[in-house]
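Below is one structure, written out as structure tokens; comments come after it.
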Amino acid sequence: MSTDALQSELLARIYAADTLDALEAVRLAALGKAGQITQLMKSLGGLQPEERLAVAPAYQALRETVSAALEARKADLGRAALTARLEAERIDMSLPPAPPLAGSVHPISQVMDELSEIFADLGFAVAEGPEIESDWHNFTALNIPPEHPARAMHDTFYATPAEGGERMVLRTHTSPVQIRTMMAEKPPIRIIAPGRVYRSDSDATHTPMFHQVEGLVIDRGIHLGHLKWTLETFVKAFFEVDDVTLRLRPSYFPFTEPGVEVDVGCSWENGTLKIGGTSSWMEILGAGMVHRRVLENCGLDPAEWQGFAFGCGIDRLAMLKYGMTDLRAFFDADLRWLKHFGFASLDVPTLSAGVGA
Ligand code: 2NL
């Protein structure tokens with residue numbers, strides 16, 4: 001075959017190749033070890049010098065033309081492949097995630113978002129702190145000195161201290177977050193501290209890790225009336241019930257004076273407890289006025305600043321609102337349970353739509 005005919009044939013095959021793989025096959029057939037052009041080049045070695053001079057330029061030109069055509073075609077096919085892939089993988093980032101990929105929001109996360117929403121509306125910020133705490137922040141600052149009997153009641157997980165280091169604990173409540181805030185910021189302070197807490201306790205109604213939310217207000221002239229109004233407003237918004245009565249009973253916490261236990265009025269309807277009315281009472285919170293020694297430990301003068309604080313279990317709040325009966329199922333990661341009790345990821349709680357709508 002003449003070099004012209006071979007060139008025409010190869011160029012035709014190059015332009016006919018419609019994938020990178022087909023193009024590679026053409027390249028091998030022309031320029032590979034046993035390719036047609038390679039054979040021609042090799043045959044030059046067996047020619048007389050004058051013969052070689054006569055045909056070599058045509059062979060070289062053939063090799064260059066075919067090489068260039070292969071490169072050009074390769075670039076075209078690469079561009080086309082990229083365009084096709086971009087088209088196929090096109091994603092509209094403004095669309096919500098496809099439901100089957102979205103998973104669901106755990107009821108505890110949902111309730112935490114509801115709490116943040118309700119308290120943000122009352123001017124509270126959300127505060128966070130470490131789950132591995134110093135003994136001082138978790139206990140001593142809260143008027144629970146070493147050897148205080150309240151320490152035994154907390155079923156604390158203790159970390160082995162580093163040599164010469166401070167003894168650390170897994171926080172038994174989120175109060176140390178409030179301690180850190182009082183030490184770092186100037187009043188007025190309005191925060192809630194939701195998060196994980198740990199106690200070495202495990203049975204049908206206790207898990208060694210659970211969730212707590214605490215609230216703290218520090219300002220001038222704060223009294224129990226502010227506490228009661230705040231909790232009433234919270235309970236109304238959270239349970240979406242207007243007819244809410246709270247009952248404060250005297251109680252004791254080392255970090256409050258006075259301390260109160262807070263019951264919410266409720267009634268039995270067809271075998272289920274409903275928030276509202278006053279025919280029954282259910283304890284939902286512990287609270288009180290911040291103990292003057294706690295204020296002093298945080299560098300606040302109790303003659304100038306007063307405050308109230310409260311704490312309650314988030315897991316129990318979620319069970320009451322959404323009707324779960326087994327606490328331990330919260331942490332089993334059972335897909336059927338998560339599907340049943342989980343929330344759509346775009347079902348963000350807002351006050352205007354109703355926090356639990
Ligand atoms: C409960 C309810 C409570 C607090 C938590 C608190 C935090 C600071 C100062 C004073 Cl920094 N109080 N938190 C107060 C009363 C109750 O939790 O049943 N706890 C065992």
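The values are calculated or read from the model by the stated rules, or taken from the named source; none is laboratory data. Just so it is clear, the structure is predicted and the values come from calculations on it, not from any experiment. Counting neighbours? That spans all protein chains shown, and the Cβs are built from the backbone with ideal geometry, glycine included.
Scanning the range 257-272 for residues that are over 22 Å from residue 231 (Cα atoms) and small (Gly, Ala, Ser) turns up just one, 271.
The set of residues in the range 239-257 that are crowded, with 19+ Cβ neighbours inside 10 Å and away from the ligand (no atom under 16 Å from the Cβ) comprises 239, 244.
Let me spell it out: the conditions are (1) on the phi > 0 side of the Ramachandran plot; (2) within 14 Å of the ligand (Cβ to nearest atom), and residue 190 meets all of them except one. Which number is the exception? Single failed check for residue 190: (1).
On the given criteria, is residue 311 at pLDDT 95 or above, within 24 Å of the chain's Cα centre (by Cα) and within 12 Å of the ligand (Cβ to nearest atom)? When the stated conditions are applied, residue 311 passes them. Can you confirm whether the range 101-117 contains a residue that is modelled with pLDDT under 95, more than 30 Å from residue 341 (Cα to Cα) and assigned to a helix (DSSP H, G or I)? For the range 101-117, residues modelled with pLDDT under 95, more than 30 Å from residue 341 (Cα to Cα) and assigned to a helix (DSSP H, G or I): absent. Screening 260, 264 for residues that are within 16 Å of the ligand (Cβ to nearest atom), more than 22 Å from residue 191 (Cβ to Cβ) and among the β-branched types (Val, Ile, Thr) leaves exactly one candidate, 264. For the range 115-133, the condition holds for at least one residue, the condition being that it is farther than 30 Å from residue 349 by Cα, within 16 Å of the ligand (Cβ to nearest atom) and either of a type outside the set (Ser, Thr, Tyr) or touching a Ser or Thr at 6+ places or on another chain (Cβ under 6 Å) (or both). The helices (runs of 4 or more DSSP H) found wholly in the range 245-357 and carrying at least 2 residues that are within 23 Å of residue 172 (Cα to Cα) occupy 292-297, 314-322. Restricting the search to the range 234-259, which residues are over 14 Å from residue 286 (Cα atoms) and among the polar types (S, T, N, Q)? The answer is 245, and nothing else. Determine, yes or no, whether residue 296 is of a type in the set (Asp, Glu), more than 13 Å from the ligand (Cβ to nearest atom) and farther than 30 Å from residue 200 by Cβ. So residue 296 does not fit the description; no. Within the range 121-132, residues that are in the same structural domain as residue 308 (by TED's automatic domain parsing) sit with their Cβ atoms under 6 Å from residues that are of a type in the set (Gly, Ala, Ser) and surrounded by 15 or more Cβ atoms within 10 Å (Cβ to Cβ), at 6+ positions apart or across chains, in these pairs: 126/116; 127/193. For the range 122-138, a residue qualifies if it is part of a loop (DSSP other than H, G, I, E, B), closer than 18 Å to residue 184 by Cα and either hydrophobic (A, V, I, L, M, F, W, C) or modelled with pLDDT under 95 (or both), and the qualifying residues are 124, 127.
For residues in the range 197-238 being away from the ligand (no atom under 13 Å from the Cβ), over 26 Å from the mean Cα position of the chain (by Cα) and assigned to a strand (DSSP E or B), which is modelled with the highest pLDDT? Taking the candidates together, the pick is 219.
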